[in-house]
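In what follows, a single structure is set out as structure tokens and then discussed.
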Amino acid sequence: MDYINEVIEMVIRKNPSEYEFHQAVKEVLESLRPVVEANEEKYRREALLERLVEPDRQIIFRVPWVDDTGRVQVNTGYRVQFNNAIGPYKGGLRLHPSVNKGIIKFLGFEQILKNSLTGLPIGGAKGGADFDPKGKSDREVLAFCKSFMTELYKYIGADTDVPAGDIGTGAREIGYLYGQYKKIRGTYEGVLTGKGLTYGGSLVRTEATGFGLIYLTEEMLKAHGHSLAGKTVAVSGAGNVAIYAVQKAAELGARVVTVSDSNGWIYDKDGIDLEVLKEIKEVRRERLTEYVKFRPDAKYTQGKGLWTVKCDIALPCATQNELLLEDAKALAANGCIAVAEGANMPTDLEATKYLQENGILFAPGKAANAGGVATSALEMSQNSERLSWSFEEVDEKLKRIMKNIFHNMSEAAKEYHAEGNYVLGANIAGFLKVSEAMMAQGIW
Ligand code: NDP
């Protein structure tokens with residue numbers, strides 16, 4: 001059996017039932033094949049791949065908190081510090097009932113190469129809990145966050161591990177977590193990113209993932225003689241990534257016709273009304289069913305089906321495995337020319353393969369949504385300098401980073417004789433830097 005298959009088999013054997021982790025490892029290692037085969041002897045001797053797929057450390061802890069009725073609730077908290085070869089651990093905290101070790105490990109593993117791809121000095125990690133902030137009072141969310149940080153604080157720090165937001169962890173949660181860290185540690189340091197602007201946050205961080213997704217998509221389209229102007233775009237999700245993707249795509253002249261949440265989706269043929277979307281999701285924290293009350297000509301559909309809408313560009317921005325083979329077929333049949341992943345691993349392996357084989361441009365999440373973590377790293381730089389940069393300055397840096405990511409993955413794909421295969425290009429470009437740093441630092 002070849003080295004890559006051996007490692008994939010080992011990962012499955014050692015981590016049964018961590019399906020999302022298996023999926024991410026398979027996707028990454030398969031696309032690293034040209035590099036691994038050229039260096040097989042050296043990598044085997046160094047056990048490089050075995051070390052890459054085994055986290056530096058996995059922390060799992062109890063999170064007890066008291067709900068509004070006075071009952072004690074118990075959740076499970078996670079922090080997986082995957083690899084710090086090129087910088088301090090960095091990656092978000094996901095708060096969602098579906099969270100388990102396999103999901104956190106897939107996200108942490110992906111984060112290693114994504115962070116490397118940004119060109120910034122940040123290692124890979126991810127964390128979270130099976131806690132659902134939806135439907136909880138502010139006091140309950142505060143109680144959870146305090147308890148979560150009372151354990152997590154032992155393992156993180158501005159130069160060690162810097163968590164950030166993800167699904168379910170927005171400005172409110174980051175604020176509560178930061179307050180508790182400061183209370184316990186007594187230091188004012190940039191230990192979290194995505195902070196509020198009054199206490200060390202960076203301008204553009206809120207918008208960064210969505211804006212970055214659009215900057216990269218535009219760069220990819222440009223390289224193939226297209227642009228977003230005048231295009232019809234389908235977006236899934238209605239959270240942080242989706243909202244700012246809708247905003248920037250519209251600013252560049254596209255018409256975004258869909259958004260979704262876990263219950264259903266909106267089709268607004270005249271273009272999603274950004275103000276209405278923000279009012280419902282960011283201010284009132286309500287469900288998307290409310291949208292049609294403001295926009296009676298829009299249509300709400302319960303359940304799936306969003307990818308059957310005719311569009312030129314599809315941007316999955318909700319969660320993992322939300323765009324499957326049948327969706328890829330529907331997009332292709334409707335003349336879609338590009339898919340760029342705002343979410344992490346929203347497209348499964350079969351669907352990705354189908355899109356690529358049918359000539360649809362495909363930008364993987366680790367490149368397309370890297371604007372969030374890149375701007376988090378810019379927040380860390382500002383915290384270290386004790387300075388704040390202007391919106392324009394951060395936005396300019398974000399644009400430059402997204403352009404560089406596109407060009408790096410595009411060049412890597414060309415170099416390994418797979419021009420236009422951005423999955424392969426992103427994985428190889430991210431991997432080369434991390435593997436070199438790992439080998440330079442001896443065995444650890
Ligand atoms: P939010 O919590 O702000 O929004 C998530 C959105 O996706 C909501 O509309 C949510 O609907 C929907 N969603 C979540 N789970 C499911 C599900 N199982 N099925 C269908 N819809 C679902 O999260 P973000 O926007 O921050 O994150 C979205 C994706 O982007 C994730 O994959 C995340 O890892 C990734 N990402 C985020 C970054 C960031 O900076 N925030 C950076 C890089 C990647 P509902 O309200 O019904 O739950």
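The values are calculated or read from the model by the stated rules, or taken from the named source; none is laboratory data. Please read these numbers as outputs of a predicted model, since none were measured by experiment. Here Cβ is always computed from backbone atoms with ideal geometry, including for glycine, and neighbour counts include all displayed protein chains. When the accessible area is computed, the model is the full protein with side chains, heavy atoms only, and any ligands, DNA or RNA have been set aside. Shrake-Rupley method; radii C 1.70, N 1.55, O 1.52, S 1.80 Å.
With respect to Thr289, determine if the residue is among the polar types (S, T, N, Q), surrounded by 15 or more Cβ atoms within 10 Å (Cβ to Cβ) and within 15 Å of the ligand (Cβ to nearest atom). No, not satisfied. Looking at Lys414, Lys399, which one is under 18 Å from the mean Cα position of the chain (by Cα) and basic (Lys, Arg)? Exactly one of Lys414, Lys399 is under 18 Å from the mean Cα position of the chain (by Cα) and basic (Lys, Arg), namely Lys399. Restricting Ser17, Ser31 to residues that are touching a residue at least 60 places away in the same chain (Cβ under 8 Å) and at positive phi narrows the list to Ser17.
The single residue among Pro97, Pro121 that is at pLDDT 95 or above, within 15 Å of the ligand (Cβ to nearest atom) and assigned to a loop (DSSP other than H, G, I, E, B) turns out to be Pro97. Counting residues in segment 77-94 that are open to solvent by less than 50 Å² (accessible area, probe 1.4 Å), under 24 Å from Gly239 (Cα atoms) and more than 18 Å from the chain's Cα centre (by Cα) gives one or more. Scan segment 157-176 for residues that are open to solvent by less than 50 Å² (accessible area, probe 1.4 Å), more than 15 Å from the ligand (Cβ to nearest atom) and either more than 20 Å from Ala370 (Cα to Cα) or of a type in the set (Gly, Ala, Ser) (or both) and the total you get is 3. The residues of segment 332-367 that are part of a loop (DSSP other than H, G, I, E, B), of a type outside the set (A, V, I, L, M) and within 16 Å of the ligand (Cβ to nearest atom), listed by number, are Glu341, Gly342, Asn344, Pro346, Asp348, Pro364.
Within segment 381-399, can you find the residues that are of a type outside the set (S, T, N, Q), surrounded by fewer than 16 Cβ atoms within 10 Å (Cβ to Cβ) and over 24 Å from Thr160 (Cβ atoms)?
So the first thing to find is which residues in segment 381-399 are of a type outside the set (S, T, N, Q), and the list is 385-387, 389, 391-399.
Cutting the leftovers down to surrounded by fewer than 16 Cβ atoms within 10 Å (Cβ to Cβ) gives us 385-387, 391-393, 396.
Within segment 381-399, Phe391, Glu392, Glu393, Glu396 meet the criteria.
Going by the structure shown, is Ala223 of a type outside the set (Phe, Trp, Tyr) and within 16 Å of the ligand (Cβ to nearest atom)? In short, no.
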